[in-house]
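Working notes, beginning with the structure itself.
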Amino acid sequence: MMKRTLILACIACVCQFVLGHEIVPTDSVVLASDSLVRGNPVTDSLAVDTVKKSRYDYHSKKGIARPVYWLLDYLSKTNKESDKPFDWSIAAGPSYNPNSSFAIGGVVSGLYRWDRNDRQLQKSDMSLYFNFGIKGYVEVGVRGNNYMPKDRQRWTYDFTFRNIPNDIWGIGWDMCSDDRNKGNYKQIQMSFSPNYLFRIASNLYAGARMNFQINNTRDFVYPIRNLQIVDLLDGQEKNIIATGFGGELLYDSRDFGLNAYKGHYFSIQQLYYAPGISTYSFWSTDVTYRTYVPLWTKCIFAMEVHGLFNYGGTVPWTLMGMSGVDGRLRGYYRGRYRDNNIMEGQIEFRQRIKWRLGLVAWVGCANVFSDFRTIAWHKTLPSYGLGLRWEFKPRVNIRIDYGFTRDEGGVVFNINEAF
């Protein structure tokens, strides 16, 4: 209880040091992912409240009060809409998740439109981001999302370098659910994931996708039961190279991808990791469906169903279906539960309260399994919890969630909605 109270108290004291006028949220600890944005959030029926003139006059202040009032003045204006030809910004601040613990992260980002005469065309973005955790977690990367004129084409890229101190319980529900199997390791990971989509019908896109990943793992510490690396990894190599090529089919009718109030999202991604350029060859299918429905005044019902299915060969332990990934199974340690496949879902109620504050409540579950014959109800992983939202940018929220899990639960601090 004391640990949880300390974590919540520290997160409540988070401060943001920001220059500029726009921030691109992404999927790292201080960043949020999914940048598929459609429509104009300001004109939406549930758009943010107009920010009045700031009451924080820092010009008349002296000494240490001046930068404090400057920060308060900036934060009071951050959810005002901006439209510059190339709008860049720098942001930094503390963050927390169960894997990296407390960390300092930041982003240098730029926003722009490929056709500035088209006000309905969403902004493209590029971001250089970093994250440094007190446990030695290091993440540095660059990513971008580009939406071409009339939204006829979309192309994205994401290059990331990570130094990860991590825990592992093994592969499969039986091993992962037993605390006595817990070991840990350090890993250097480099990944590159580009894709290109073109519009084939209204809200429908198709194109090519690639995923390249190198994992160099070292300093394994064996669990108490004296299991070896080959036991934890089910006989696999500890160093993995994976190169996958394939395609994606996407339907996206959401009004605003980072924080949708209505619409549907459906994606199918198919990749093949070929022998010779990958440590292990196999097929991977990733399916995601999301829907968003307004219920009553300033309340949104959101639902997501996701499945990752790996088959047709040996699935490397670094690319298996895992708990705690991409805003799903919040509260679980990332990778605590892992196996060839995962099916998961969650529903969430998002209620805007007053000013720039909101509350959410969610419930979800998942099942990791080697094949469909091994799915069992008693192996279901539950997740439920409550969260606080504070609007930092127009329809871009800072979020603090506490997730209750099968194990002990935990706090997740991030930017933007979980899905």
(request) Would you please list the contacts, defined by Cβ atoms under 7 Å and residues six or more apart or on different chains, that run from a residue in region 118-137 that is under 17 Å from ARG152 (Cβ atoms) to a residue that is part of a loop (DSSP other than H, G, I, E, B) and of a type in the set (A, V, I, L, M)? (result) GLN122/VAL37
(message) I'm trying to understand the selection: among the residues of region 326-382, which are on the phi > 0 side of the Ramachandran plot and not hydrophobic (A, V, I, L, M, F, W, C)?
(response) ASP326, GLY327, GLY331, GLY335
(request) Look through region 365-402, keep the residues that are in a strand (DSSP E or B) and of a type in the set (A, V, I, L, M), and return whichever of them is farthest from SER177 (Cα to Cα). (result) VAL396
(request) Kindly indicate the residue of region 260-274 that is among the hydroxyl-bearing types (Ser, Thr, Tyr) and more than 15 Å from LEU250 (Cβ to Cβ) and also modelled with the lowest pLDDT among those meeting that condition. (result) TYR261
(message) Please count how many residues of region 353-364 are surrounded by fewer than 19 Cβ atoms within 10 Å (Cβ to Cβ) and either part of a strand (DSSP E or B) or of a type in the set (Gly, Ala, Ser) (or both).
(response) 6
(request) Being part of a strand (DSSP E or B) and either closer than 23 Å to ILE104 by Cβ or aliphatic (A, V, I, L, M) (or both) is the filter here, so list the residues in region 404-419 that pass it. (result) GLY410, VAL411, VAL412, PHE413, ASN414, ILE415
(request) Working only within region 371-394, note down all residues that are out of contact with any Cys (no Cβ under 7 Å at 6 or more places or on another chain), within 18 Å of HIS306 (Cβ to Cβ) and among the hydroxyl-bearing types (Ser, Thr, Tyr). (result) TYR384
(message) Going by what's in this entry, would PRO294 be described as exposed (fewer than 15 other Cβ atoms within 10 Å of the Cβ) and either within 28 Å of GLY358 (Cα to Cα) or touching a residue at least 24 places away in the same chain (Cβ under 8 Å) (or both)?
(response) yes
(request) Would you point out the residue of region 108-136, among those that are crowded, with 21+ Cβ neighbours inside 10 Å and hydroxyl-bearing (Ser, Thr, Tyr), that is farthest from PRO394 (Cα to Cα)? (result) TYR129
(message) With the requirement that a residue be surrounded by fewer than 17 Cβ atoms within 10 Å (Cβ to Cβ) and either in contact with a helix residue (DSSP H, G or I) (Cβ under 9 Å, 6 or more places away or on another chain) or in a strand (DSSP E or B) (or both), what does region 271-291 give you?
(response) TYR272, TRP283, THR285, VAL287, TYR289
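Condition check ((1) modelled with pLDDT of 95 or more; (2) closer than 22 Å to ASP178 by Cα; (3) touching a Pro at 6+ places or on another chain (Cβ under 7 Å)) across all residues:
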| residue | (1), (2), (3) |
| --- | --- |
| THR291 | yes, no, no |
| HIS306 | yes, no, no |
| ASN310 | yes, no, no |
| GLY335 | no, yes, no |
| ASP339 | yes, yes, no |
(message) I'm checking my understanding of the structure. Among residues of region 348-405 that are basic (Lys, Arg) and out of contact with any helix residue (DSSP H, G or I) (no Cβ under 8 Å at 6 or more places or on another chain), which one is modelled with the lowest pLDDT?
(response) LYS393
(request) Could you please give the count of residues in region 99-148 that are under 17 Å from the mean Cα position of the chain (by Cα) and outside any strand (DSSP E or B)? (result) 3
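The values are calculated or read from the model by the stated rules, or taken from the named source; none is laboratory data. Just so it is clear, the model here is predicted, and its values are computed rather than measured. Using ideal geometry, Cβ is built from the backbone for each residue, glycine included, and neighbour counts are taken over all protein chains shown.
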